[in-house]
Amino acid sequence: MKKILFILLCLPAILASAANENPKYLRGAVPERDGIVTFTQTFSVPGKNQADIYPVVKTYIQQLVTNARQDLRTRIVSDQDNTIVANVEEIMTFRKKFLNWDHCFFRYLISAQCTPDSKVTLTITKISYQYQFDNEGNGGENFKAEEWISDAAAVNKAGTKLYPRCGKFRRKTIDRVEEIFTGARDAFETPAAPVAPQPKATVVE
């Protein structure tokens, strides 16, 4: 009887939690390509040609690498044919309080391709996480995005909420990818010149 009463008392909070889940994190928010979690965005940079665009994109990716955790995994993998590819390992923080820092190592492969039609295609894939490691960064648990933040792994069957443990990784990953894509577009938004204003980069796909 007490157990039933406890469930009934908790039910409104559970339903409210499900109803309040931001739709941006629910089913379809983590795209897959051939079974691999892959985020992609293409944007155009009006008024600029490929030769103008690539140095800006390259600098942006290099800054990501510089600001990332300096581990053997963080490096430029390829830089040729107007395409730059890098492995990046960052610290992803879920919650940070006094004597309680809940975080993981967030790893991904990012590529930026500039094409002659003044477009940039950014791709983030090969995502993985290392969690609950020791003070030296060793051990812990390792997860691939496909088994941890995909729709099948992180979203309930009704598609109304995220599972608690996987959910925090999914939310933070979606937010971080969005931040990276926005940063790349913002790299072209320089102050307008008096005579020839600089157009803003716009998403086309």
Using only the Cα atoms of segment 31-89, build the gyration tensor, take square roots of its eigenvalues as a ≥ b ≥ c, and label the shape rounded, prolate or oblate: rounded if a/c is under 1.5, else prolate if a/b is larger than b/c, else oblate. oblate
What ³J(HN,Hα) values, in whole Hz, does the Karplus curve 6.51 cos²θ - 1.76 cosθ + 1.60 give for segment 107-122 when θ = phi - 60°, with x put for Gly and Pro? 10, 7, 10, 10, 10, 10, 10, 9, 10, x, 8, 6, 10, 10, 10, 9
Carbon and sulfur atoms account, in whole percent of the 1.4 Å probe accessible area of segment 129-170, for 48 percent
Taking 110-123, 91-104, 151-164, 64-77 and ranking on average Cβ neighbours within 10 Å, highest first, one gets 110-123, 151-164, 64-77, 91-104
Mean Cα-pair separation over length for segment 27-175, i.e. relative contact order, pairs under 8 Å, 6 or more apart, %: 23 percent
Note to self: with every protein chain in place and a 1.4 Å probe, segment 26-118 gives an accessible area per residue in Å² of 55 Å²
In the neighbourhood of N20 defined by beta carbon distances under 14 Å, the net charge of the other residues (Lys, Arg +1; Asp, Glu -1) is +2
Using only Cα atoms, locate the centre of segment 51-74 and the centre of segment 137-171, then give the distance between them in Å, rounded to an integer. 28 Å
Beta carbons within 10 angstrom, averaged per residue: use that to sort the peptides 48-60, 130-142, highest first. 48-60, 130-142
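The values are calculated or read from the model by the stated rules, or taken from the named source; none is laboratory data. What you see is a predicted model; the values in this text were computed from it and never measured. Glycine gets a Cβ as well: all are built from the backbone with ideal geometry, and neighbour counts include every protein chain shown. We work out accessible area using only protein heavy atoms, side chains counted, and drop any ligands, DNA or RNA first. Shrake-Rupley method; radii C 1.70, N 1.55, O 1.52, S 1.80 Å.
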